[in-house]
Amino acid sequence: MTDFDDIRPYLDHEVPDAMHRLLRDTEFLDFISRHLAPRMRRVVPGLVRFLVSRYLISRTRGITDIDGLQRYEARYARSLVARTTTSLTVSGLDDLPKNHPHLFISNHRDIAGDSMLLNYVLFQAGLGTVHIAVGDNLVQRRFATDLMRLNKSFFIKRSETGARKIYAAMKQSSAYIHHAMSEGDSIWIAQSEGRAKDGLDTTDPAVIKMFALAHNKRPLSELLPEINLVPLAISYEYDPCDMMKARELHEIEQHGHYEKPPNEDLISLATGLGGFKGHVHLAFGTPISGDLDADQIATEVDRQVVAGLKAYPINHWAFSELAVQHGGEYAEFLPAANAIKSSVNDGVAEERYQRCPEAHRPFWLASYGNLLLNKGRQGLLDGP
């Protein structure tokens, strides 16, 4: 296990020290206080930190391992899901074999919400939770590192520079994935680096190639039966971070890059978890097999993910606006998109659109409407 000490989740014997450190970390307590008692925190921040620390210490006393922590967190996840969603539905999970671990690869819309919802669904079904692949760009704070490693996250070193270091980092991640699965643990990884802010969910073949790096003499097609690669489509009716994503894409278009403000990833994480999402659906696909190379596997992941995504009224409304404003493929696919509408627009989409700064609106529309564009490109607008 020493080969993975710098990237792996915490082990059970490391939990007490990590919990002790986390629950006394000023930045972590500020982060929690900002959402539990924002007004009081502005007046007496020290007192709020103290009270939050005492409360969490008292509630987590007796937790000595990862399973105990996740059982404790499950109660809060249940409350969070009830408060931030209209419904949470699942399809395909019952069809998956239960006698071996899976490597779940999904679209990526929310920094922490995607994996949290997957783990919540698995936990509710009485199944083991997953080890979560996380980019090391998200752990610039010690408390974030502790929090993620306590929650079965392992790190992919995306901050490395130089071809040799990047290759070594990817090979280490590949080896860890195979090690964890050999121990009976399932894995979750996003289909590409970063969230799909433009609403176009596509798989990076480099992610697929990484799975084989630790076994570079074996073809991917030979590894597929061992890793049980299962595409997962996660659909959110509303994205709590939609305005932030639109702003970022606008800045990139205007200036060629986007300079993230300090702590923006943490703000996005908290907003995504705590914001209202409406209807949410998780569609589990079927394990991928066959004599396929990385590009072909990526194409099949794309097909299953896009097929599993649900189109809500806000997606249809945004797509119609894009068809009017841009024509092209949007106009070409509009009749077929309208044919699979399951409900009428309730006015929420237009209200959210109007709240978005005018310069950012094209990107906001794309973030919702491109789901249907992707379905059209995949030939998936012929039926519900």
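The values are calculated or read from the model by the stated rules, or taken from the named source; none is laboratory data. The shown structure was predicted, so the numbers you read here are calculated from the model rather than taken from an experiment. Neighbour counts are summed over all protein chains in view; Cβ atoms, including those assigned to glycine, are modelled from backbone coordinates with ideal geometry.
General observations
- Among the conditions (1) outside any loop (DSSP other than H, G, I, E, B); (2) surrounded by 16 or more Cβ atoms within 10 Å (Cβ to Cβ); (3) within 20 Å of the chain's Cα centre (by Cα); (4) not hydroxyl-bearing (Ser, Thr, Tyr), the only one that residue 206 does not satisfy is (2).
- The lone criterion from (1) surrounded by 15 or more Cβ atoms within 10 Å (Cβ to Cβ); (2) at pLDDT below 95 left unmet by residue 292 is number (2).
- Filter result for the condition that a residue is part of a helix (DSSP H, G or I), buried (at least 16 other Cβ atoms within 10 Å of the Cβ) and either without any contact (Cβ under 8 Å) to a residue 12 or more places away in the chain or in the same structural domain as residue 141 (by TED's automatic domain parsing) (or both), over 71, 41: 41
Results for (1) at pLDDT below 95; (2) out of contact with any Phe, Trp or Tyr (no Cβ under 9 Å at 6 or more places or on another chain); (3) part of a loop (DSSP other than H, G, I, E, B); (4) among the acidic types (Asp, Glu), shown as yes or no for each residue.
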| position | (1), (2), (3), (4) |
| --- | --- |
| 260 | yes, yes, yes, no |
| 265 | yes, yes, no, yes |
| 268 | yes, yes, no, no |
| 276 | no, no, yes, no |
| 286 | no, yes, yes, no |
| 303 | no, yes, no, no |
| 314 | no, no, no, no |
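- Subset of segment 344-372 (residues that are more than 18 Å from residue 108 (Cβ to Cβ) and touching a Phe, Trp or Tyr at 6+ places or on another chain (Cβ under 8 Å)): 345, 348, 349, 350, 352, 353, 356, 361, 364, 365, 369, 372
- Qualifying residue in segment 232-253 (condition: of a type in the set (Gly, Ala, Ser), assigned to a helix (DSSP H, G or I) and assigned by TED's automatic domain parsing to the domain that holds residue 288): yes
- Flag for residue 51 being at pLDDT 95 or above and not in a loop (DSSP other than H, G, I, E, B): no
- Of all residues making up segment 30-86, the number that are in contact with a Gly (Cβ under 6 Å, 6 or more places away or on another chain) and under 16 Å from residue 16 (Cβ atoms): 0
- Residue in segment 256-277 that is β-branched (Val, Ile, Thr) and in contact with a strand residue (DSSP E or B) (Cβ under 9 Å, 6 or more places away or on another chain) present: no
Condition check ((1) aromatic (Phe, Trp, Tyr); (2) out of contact with any helix residue (DSSP H, G or I) (no Cβ under 8 Å at 6 or more places or on another chain); (3) surrounded by 14 or more Cβ atoms within 10 Å (Cβ to Cβ)) across all residues:
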{"site": "306", "(1), (2), (3)": "no, no, yes"}
{"site": "312", "(1), (2), (3)": "yes, yes, yes"}
{"site": "327", "(1), (2), (3)": "no, yes, no"}
{"site": "369", "(1), (2), (3)": "no, no, yes"}
{"site": "377", "(1), (2), (3)": "no, no, yes"}
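- Among residues of segment 97-111 being part of a loop (DSSP other than H, G, I, E, B) and closer than 25 Å to residue 178 by Cβ, the one that is nearest to the chain's Cα centre (by Cα) is 108.
- Only one entry in 76, 120, 55 is among the hydroxyl-bearing types (Ser, Thr, Tyr), surrounded by fewer than 14 Cβ atoms within 10 Å (Cβ to Cβ) and either in contact (Cβ under 8 Å) with a residue 12 or more places away in the chain or assigned by TED's automatic domain parsing to the domain that holds residue 244 (or both), namely 76.
- Summed over segment 200-229, the residues that are touching a Phe, Trp or Tyr at 6+ places or on another chain (Cβ under 7 Å) and charged (D, E, K, R) give a count of 0.
- The helices (runs of 4 or more DSSP H) found wholly in segment 322-383 and carrying at least 1 residues that are β-branched (Val, Ile, Thr) and outside the structural domain of residue 251 (by TED's automatic domain parsing) occupy 348-355.
- Verdict on residue 9 being at pLDDT 95 or above, within 24 Å of the chain's Cα centre (by Cα) and in a loop (DSSP other than H, G, I, E, B): yes
- Residues that are surrounded by fewer than 17 Cβ atoms within 10 Å (Cβ to Cβ), outside any loop (DSSP other than H, G, I, E, B) and among the charged types (D, E, K, R) within segment 137-192 comprise 142, 164, 165, 171, listed in sequence order.
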